[in-house]
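One structure is given here, and the rest of the page talks about it.
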Amino acid sequence: MFSLTSRPASASVSGPRDPFSLMDSLFADWLSARPASPLVASARIDVTERNGSDEVRAELPGAAKDDIAVEIDGASVSISAKTNSQSEKKDGDKVIYSERTGESFARAFELPQSVDSAASVAKLENGVLTLTLPKKDAPQTRRLAIQ
């Protein structure tokens, strides 16, 4: 559940006029009235370090590989995806029921070390995107000899 809890610990406002409680209530009511998006609700990201690389696993159910974009800029990684689904029930040539939905997902995060984007690999299997992001060697400090 979404919650606004970013007030200082020393603040002790209580009662029905507490603006933070009012905002919490407002957002809780608003979010509970909206249906959860299957892609956004189930899109989870795990980052693990393995063999000198960071491995990112993102659950993107229903997304096709052509609808997923991954961008790497130094240590910054961004993943975006969209899904389009169509459900149609026909009785002969007469359409009885038709429904179209589209969902989108975007996530960006910073890794502790720069990524070697040329050696990075992305695979999509059973709705799980796996990124293997080799770490780029840290630049070496070099002392120049004066000639």
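Do we find a residue being closer than 19 Å to I45 by Cα and modelled with pLDDT of 85 or more anywhere in the stretch 134-146? Even if it seems obvious, please write down each step before you answer.
We begin by selecting, within the stretch 134-146, every residue closer than 19 Å to I45 by Cα; these are 134-135.
Now drop any that are not modelled with pLDDT of 85 or more, which leaves 134-135.
Looking through the stretch 134-146, at least one residue is closer than 19 Å to I45 by Cα and modelled with pLDDT of 85 or more.
Do any residues in the stretch 100-111 that are touching a residue at least 12 places away in the same chain (Cβ under 8 Å) and surrounded by 14 or more Cβ atoms within 10 Å (Cβ to Cβ) have Cβ atoms under 7 Å from those of residues that are of a type in the set (G, A, S) and not in a strand (DSSP E or B), where the two are at least six apart or on different chains, and which pairs are they?
E103/S37; F105/A43; L111/A75
Return the residues of the stretch 70-85 that are surrounded by fewer than 16 Cβ atoms within 10 Å (Cβ to Cβ) and within 12 Å of L131 (Cβ to Cβ); say none if nothing qualifies.
Residues satisfying the conditions are E71, S78.
Out of all the residues in the stretch 114-131, which are farther than 12 Å from I72 by Cα and in contact with a strand residue (DSSP E or B) (Cβ under 7 Å, 6 or more places away or on another chain)?
Listed by number, the residues that qualify are K123, L124, G127, V128, L129, T130.
Could you list all residues from the stretch 76-122 that are under 15 Å from D54 (Cβ atoms) and either modelled with pLDDT under 90 or not hydrophobic (A, V, I, L, M, F, W, C) (or both)?
Result: S76, S78, R107, A108, F109, E110, P112, Q113, S114, D116, S117, S120.
The values are calculated or read from the model by the stated rules, or taken from the named source; none is laboratory data. For clarity, every value in this text was computed on a predicted model and none was experimentally measured. Here the Cβ is made from the backbone with ideal geometry for all residues, glycine too, and neighbour counts use every protein chain on show.
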